[in-house]
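One structure, as structure tokens, below. Some questions next.
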Amino acid sequence: MDEQARPVSKAENAAYSGFVEELPGEFRVSTSAYRGEKVFQDEIERIFHRTWIYLCHESEIRKPGDYKSTLLGLQPVIVSRDQSGNVTAVLNACTHRGATLCRDEHGSGRTLVCPYHGWSFRPSGELVGIPGAERYAPEFNKADKNLVKVPRVASYGGLVFGSFNPDVESLEAFLGPAKLHIDHWVKRRADGEYRLATAHKYAFSGNWKFQSENVYDGYHPGFVHRSAFHTIKKFSGSFENRFYGAIRPGGFTRGYPQGHGTLEAGAPLESGGVDPDAKKNYEDRLIALHGEQEAKEILNNCQFLIFPNLAIFDFNVRVIQPISHDRTEVYSYPVLIDGADESINSNRMLDAQTRVGSAGILSADDIDIFAGNQSALQALGSQWVTLSRGIGLETELEAGGRAGEYSDETPQRAFWRKWKQEMASESNAKGDSK
Ligand code: FES
Ligand code: FE
């Protein structure tokens, strides 16, 4: 993507430095960071096309020939598993005259046939057939008509990421200390295999960062979701322990220099509906596999954001897809465990349906707030938002980064430090072109 990137001046980079300010006792972000197509396009170029972005879960392309079409930043791509088992990604754009090659979200097969003139390609990109090939001159170069490859693809814990930046750091370096949270999340499957179910999809008229910032926001639930909690109280049994107030005792947040962050309850996410014997068997198995202490950590409620747009919940993978500066789509995939007791999986589906899916009792509240934020930020004179809760009260983490209390804005500050680092990076400046 580099050759397509708009030249950026050093002055522009300096302007992005000023979007995030750290003052004594205060951390503030310019409201300009959330609005306007220019900032948005720069985010796509400097963040989404330069760092690692989540593409899919390995269970979505389990067998050779399986593929998924998705977006990397705003670029349509096809991720697939080739006949040797390797995962690759290519642009979803036919090299004949540019048609969208794959219109299905998922599929499987040895070839993809372009709907326009019938050129056929392997899902991994090789051109294998041109109808009426005899009408092309002998000099016509077929070798450079393969689909354009995404230069870097890698996976960790079954999560597949891609990058348009050939020089991007290794995925493991990018994930840094957040690997621990992915490891725990993966270990929850015990002896089974994770499988992502069909996504719940929703959209809102607001900037994508409102959703990213909200993933680890322990300050808002008791306010935004108050009416939802009151409704829940009217139900008995299975739901009531899922929900909690704003200041959760024992809960905490973490924010890492790589931009990732967590919201952790310090206790399991209690959920009813699981057969008690199945629950005990499952927990005993985790202890047998990982020991008592780690099993406890594995089961603790933790939701985290991999910068910039991948949210992992206990039972869900959520992708925050930017569409424009004031439009965002969210894809929320329930995570099931192949091989687990049926009541464990039905409880996981229930979590998606009642809590974090498109008809979930929490998501609807949140996206109403995000759309309201977007309108309010148009107000003249509203120059800054403040993310200062917990400053001076945090503890330094051995792995790097900081921990705060449940309602502290520690992970949001980590996000914005990384955002500034990427947006104002010297490596993005191509000289003083303006
Ligand atoms: Fe794909 Fe013509 S555009 S075959
Ligand atoms: Fe919420």
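The values are calculated or read from the model by the stated rules, or taken from the named source; none is laboratory data. Note that the coordinates shown come from a computational prediction; the quantities given were computed from them, not determined experimentally. Neighbour counts run over all protein chains shown; Cβ positions are idealised from the backbone, glycine included. Ligands, DNA and RNA are stripped out before the accessible areas are found, and what is left, the full protein with its side chains, is counted by its heavy atoms. Shrake-Rupley method; radii C 1.70, N 1.55, O 1.52, S 1.80 Å.
With respect to Ala424, is the statement that it is more than 16 Å from ligand 1 (Cβ to nearest atom) and open to solvent by less than 50 Å² (accessible area, probe 1.4 Å) true?
Yes.
Out of (1) within 22 Å of Thr70 (Cβ to Cβ); (2) open to solvent by 40 Å² or more (accessible area, probe 1.4 Å); (3) assigned to a loop (DSSP other than H, G, I, E, B), the odd one out for Asn165 is which?
Status for Asn165: all satisfied but (2).
If we keep just the residues of segment 366-380 that are open to solvent by 40 Å² or more (accessible area, probe 1.4 Å) and of a type in the set (S, T, N, Q), which is farthest from His220 (Cα to Cα)?
Restricting to residues being open to solvent by 40 Å² or more (accessible area, probe 1.4 Å) and of a type in the set (S, T, N, Q), the top hit is Gln378.
Another question, then. List every residue pair whose Cβ atoms sit under 8 Å apart, with the two residues 6 or more apart in sequence or on different chains, where the first one lies in segment 96-108 and is closer than 19 Å to Asn146 by Cβ and the second, anywhere, is more than 16 Å from ligand 2 (Cβ to nearest atom) and small (Gly, Ala, Ser).
Ala99/Ala93; Thr100/Ala93; Leu101/Ala93; Cys102/Ser69
So which of Arg413, Arg417 ends up being modelled with pLDDT of 95 or more and open to solvent by less than 10 Å² (accessible area, probe 1.4 Å)?
Numbers: Arg417 fails: open to solvent by less than 10 Å² (accessible area, probe 1.4 Å).
So the residue among Arg413, Arg417 that is modelled with pLDDT of 95 or more and open to solvent by less than 10 Å² (accessible area, probe 1.4 Å) is Arg413.
Determine which single condition Ala173 fails, assuming it passes every other condition in (1) outside any loop (DSSP other than H, G, I, E, B); (2) aliphatic (A, V, I, L, M); (3) over 19 Å from Lys418 (Cα atoms).
Against the list (1) outside any loop (DSSP other than H, G, I, E, B); (2) aliphatic (A, V, I, L, M); (3) over 19 Å from Lys418 (Cα atoms), Ala173 comes up short only on (3).
Tell me which residues, restricted to segment 305-346, are assigned to a helix (DSSP H, G or I) and surrounded by fewer than 21 Cβ atoms within 10 Å (Cβ to Cβ).
Within segment 305-346, the first condition is being assigned to a helix (DSSP H, G or I), and the residues that meet it are 342-346.
Residues satisfying the conditions are Glu342, Ser343, Ser346.
I've got another one for you. Is it fair to say Gly259 is under 14 Å from the mean Cα position of the chain (by Cα) and part of a loop (DSSP other than H, G, I, E, B)?
When the stated conditions are applied, Gly259 passes them.
Given (1) closer than 20 Å to Phe40 by Cβ; (2) part of a loop (DSSP other than H, G, I, E, B); (3) in contact with a helix residue (DSSP H, G or I) (Cβ under 8 Å, 6 or more places away or on another chain), identify the lone condition not met by Gly400.
Of (1) closer than 20 Å to Phe40 by Cβ; (2) part of a loop (DSSP other than H, G, I, E, B); (3) in contact with a helix residue (DSSP H, G or I) (Cβ under 8 Å, 6 or more places away or on another chain), only one is false for Gly400: (1).
Which pairs turn up if I take residues in segment 117-138 that are under 14 Å from Gly65 (Cβ atoms) and among the charged types (D, E, K, R) and look for partners that are open to solvent by 20 Å² or more (accessible area, probe 1.4 Å) and within 15 Å of ligand 1 (Cβ to nearest atom) with beta carbon separation below 8 Å, at least 6 apart in sequence or on another chain?
Taking only residues 6 or more apart or on different chains, the pairs are Arg122/Thr111; Arg122/Val128; Glu126/Asn146.
Of all residues in segment 113-162, which are part of a loop (DSSP other than H, G, I, E, B) and charged (D, E, K, R)?
The answer is Arg122, Glu126, Glu139, Lys142.
Taking interchain pairs and intrachain pairs at least six residues apart, which have beta carbon atoms under 6 angstrom, with the first residue in segment 320-332 and touching a residue at least 12 places away in the same chain (Cβ under 8 Å) and the second surrounded by fewer than 16 Cβ atoms within 10 Å (Cβ to Cβ) and part of a strand (DSSP E or B)?
From residues that are touching a residue at least 12 places away in the same chain (Cβ under 8 Å), the pairs are Glu329/Ala203; Glu329/Ile323; Tyr331/Lys201.
Still on this model: If you go through segment 347-362, how many residues are surrounded by fewer than 22 Cβ atoms within 10 Å (Cβ to Cβ), touching a strand residue (DSSP E or B) at 6+ places or on another chain (Cβ under 6 Å) and either of a type in the set (Gly, Ala, Ser) or at pLDDT below 85 (or both)?
Of the residues in segment 347-362, 1 are surrounded by fewer than 22 Cβ atoms within 10 Å (Cβ to Cβ), touching a strand residue (DSSP E or B) at 6+ places or on another chain (Cβ under 6 Å) and either of a type in the set (Gly, Ala, Ser) or at pLDDT below 85 (or both).
How many residues does segment 208-233 hold that are in contact (Cβ under 8 Å) with a residue 60 or more places away in the chain, within 12 Å of ligand 2 (Cβ to nearest atom) and charged (D, E, K, R)?
2
Has segment 270-284 got at least one residue that is of a type in the set (A, V, I, L, M) and modelled with pLDDT under 95?
Within segment 270-284, the subset of a type in the set (A, V, I, L, M) is 274, 278.
Pick out the ones that are also modelled with pLDDT under 95 and you get 274, 278.
Scanning segment 270-284 turns up at least one residue that is of a type in the set (A, V, I, L, M) and modelled with pLDDT under 95.
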